[in-house]
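The structure appears right after this line, and notes come after that.
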Amino acid sequence: MIDVGRVCIKKKGREAGMKAVIVELKEGFAVVDGPSIKRKKCNVRHLFPTPEKFSIKSGASHEEVLKHFK
């Protein structure tokens, strides 16, 4: 369920409750990006996956991610 392009909601931290997209996966961590979240690495246990998924490549740019949110 946790894969590149999956829209998630952050459960912990400063951005708790905000939506983000998984851009990359690395050994228990995910790089997330979104309209109100700067690109950052976070623990996958701090993410709640939603059924929504975007078709993006691993390592997609911030502009690509924002294009899918609109």
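One table, with the values for the structure above:
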{"quantity": "Of all residues making up the range 5-21, the number that are loosely packed, with under 15 Cβ neighbours inside 10 Å and either closer than 10 Å to ILE37 by Cβ or among the basic types (Lys, Arg) (or both)", "calculated": "4"}
{"quantity": "Residue in the range 51-63 that is on the phi > 0 side of the Ramachandran plot, surrounded by fewer than 17 Cβ atoms within 10 Å (Cβ to Cβ) and either in a loop (DSSP other than H, G, I, E, B) or among the small types (Gly, Ala, Ser) (or both) present", "calculated": "yes"}
{"quantity": "Subset of the range 10-40 [within 8 Å of the chain's Cα centre (by Cα) and over 16 Å from LEU66 (Cβ atoms)]", "calculated": "ALA30"}
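Every read-out reported here was derived from the displayed coordinates using simple, explicitly stated rules and does not represent laboratory data. Fair warning: this is a prediction, and the values are worked out from it, not measured in the lab. All Cβ positions, glycine included, derive from the backbone under ideal geometry; neighbour counts span all protein chains shown.
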